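Some notes on the structure that comes next.
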Ligand code: FAD
């Protein structure tokens, strides 16, 4: 009988764990190597060194888990999520009154879900642990990969040789000089799911001409927590079910060049994030006593929901972290290596798509593998197809995520943005045959390729702008043309139509050309 394919997965975050489940389902011999300890163990330092991180889980991530072939997995994960039907925009009138305005995400009632990343990850790991063809190795750090020889080197952090052998490695010491704790493992296929600072990607670069670009944006983030209602006296008007404000919204306090958001958790707290420029952070770090005033000036009402006494402490205690955006190409090497998730496309978090896109990578990769014979040539074809599709899509969502920062902190209060959203939703709801849908709903509630979303939305925008301008300009220019015609000495009884038609077509052509130019 043929040996099962040996699939080595580096990184046991959400993407690596889901990739391992897909691989296991195919009967492969799966080994997962994770740098940190088991996150289900209390003593493990969580990712990014924050207590927890709440994420928006949407259709792409859900679909990837639905298609994993593990029937109860999705239900278990969804049972621990909270539906968020829209954004709640918090602001203040000029008279000082606090206001809340709900903006539904979707005219058809679809919603995103708040999920605790660590809990989601833990469910995936529990499922993996129940499978006999999967081995999980924590405290194992990949230190080198030779894609031609199909060998990887792994450092066992804090484990003795014997402990590791008992773990079932069937691996030998690497024998590389000065690396007594290192083992050497073989693979048929290695999947780098090791996050933004991926080691697999770094080693892949030595074997393939990889284009690579990383940017830190000038925005830092810091996490805060809003306690449950029973520990607070101050509640917002939409507070219910023991939460200090509505549990079914993603809350936004928009600011000119900064924002504060809050996402509900099942323990009735909110995990909140301050996004602000590095200058703001530097000012507050130099004078933390100013934190409360800064919040009161920029995010009215938020301090009372967090607790006036604790906001400064939280700012001082929680880390202030950067936001990185990474684009690279290709995402694979030959028949034996691919990168997925943040390793391939770390992005800023403003579209809530980083993890969703990473989970979608897994679905697409395995669909391409399933479409080919299980041979080296078949895998080369599959990985090439994965790469061709996902590089474009990763670049597209990366750009959309950057652009969405504007929408979240400024667009949500811009009349033009709201007008366009309303028209698109109206057309989507009342005239579905037009195919109109907002960009947000295409990204969050569909599995349409990100690169297609960008194209379709650009076309939609052109059509809408033409329609909106036409609706205003055609009657306006008609009236002007008529007046010009009348006051230039024409007899009222003569027909104005040939003249009007000439002026109107000229006007429409002029406007269309300007719009085309603006959107090119
Ligand atoms: P990671 O979660 O980074 O996991 C990588 C794993 O690899 C880690 O466990 C790490 O320890 C391990 N590793 C690293 N190096 C090695 C090595 N050398 N050897 C072995 N193991 C290694 N996404 C959303 O979809 N929705 C959201 O609402 C959202 N909000 C976000 C908010 C913030 C503030 C931030 C920062 C991110 C947000 N994201 C969101 C993005 C999301 O967190 C990431 O996209 C997601 O965690 C990526 O998963 P991953 O498995 O690819 O990588």
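Please treat every number below as a calculation from the coordinates, not as lab data. Only a predicted model underlies this, so the values are computations on that prediction, with no experimental measurement involved. No Cβ is skipped: glycine too gets one built from the backbone with ideal geometry, and neighbour counts run over all protein chains shown.
Key figures
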read-out: Contour excess over end-to-end distance, with Cα ends at residue 377 and residue 78 and 0.36 nm allotted per residue; value: 103.8 nm
read-out: Inter-centroid distance (Cα atoms) of region 378-407 relative to region 255-271, Å; value: 28 Å
read-out: Residue 216-residue 2 FRET efficiency (beta carbon distance; Förster radius 41 Å; 0.05 resolution); value: 0.30
read-out: Segment residue 426-residue 172, extension gain: residue separation times 0.36 nm, minus the distance between their alpha carbons; value: 85.1 nm
read-out: Whole-number percent relative contact order across region 202-356, with pairs defined as alpha carbons under 8 Å at least 6 apart; value: 29 percent
read-out: Relative contact order computed over the chain (Cα-Cα under 8 Å; 6+ residues apart), in percent; value: 16 percent
read-out: Two-site FRET efficiency, residue 388 against residue 197, from Cβ-Cβ distance with R₀ of 25 Å, rounded to 0.05; value: 0.45
read-out: Burial ordering of 449, 509, 462, fewest other beta-carbon atoms within 10 Å first; value: 509, 462, 449
read-out: Computed label-point distance, nm, for sites residue 510 and residue 447 using a 7 Å Cα→Cβ extension; value: 5.0 nm
read-out: Degrees separating the helix 354-370 axis from the principal Cα axis of the chain, which is the longest one; value: 70 degrees
read-out: Order of 393, 181 - criterion: other Cβ atoms within 10 Å of each residue's Cβ, fewest first; value: 181, 393
read-out: Mean residue ellipticity (222 nm) of the chain, computed from DSSP H runs ≥ 4 via -39,500 (n - 2.57), nearest 500; value: -13500 deg cm²/dmol
read-out: By average C-beta atoms within 10 angstrom, highest first, the peptides 309-318, 195-204; value: 195-204, 309-318
read-out: Order of 505, 283 under a 10 Å beta carbon neighbour criterion, fewest first; value: 505, 283
read-out: Residue 42-residue 324 FRET efficiency (beta carbon distance; Förster radius 22 Å; 0.05 resolution); value: 0.20
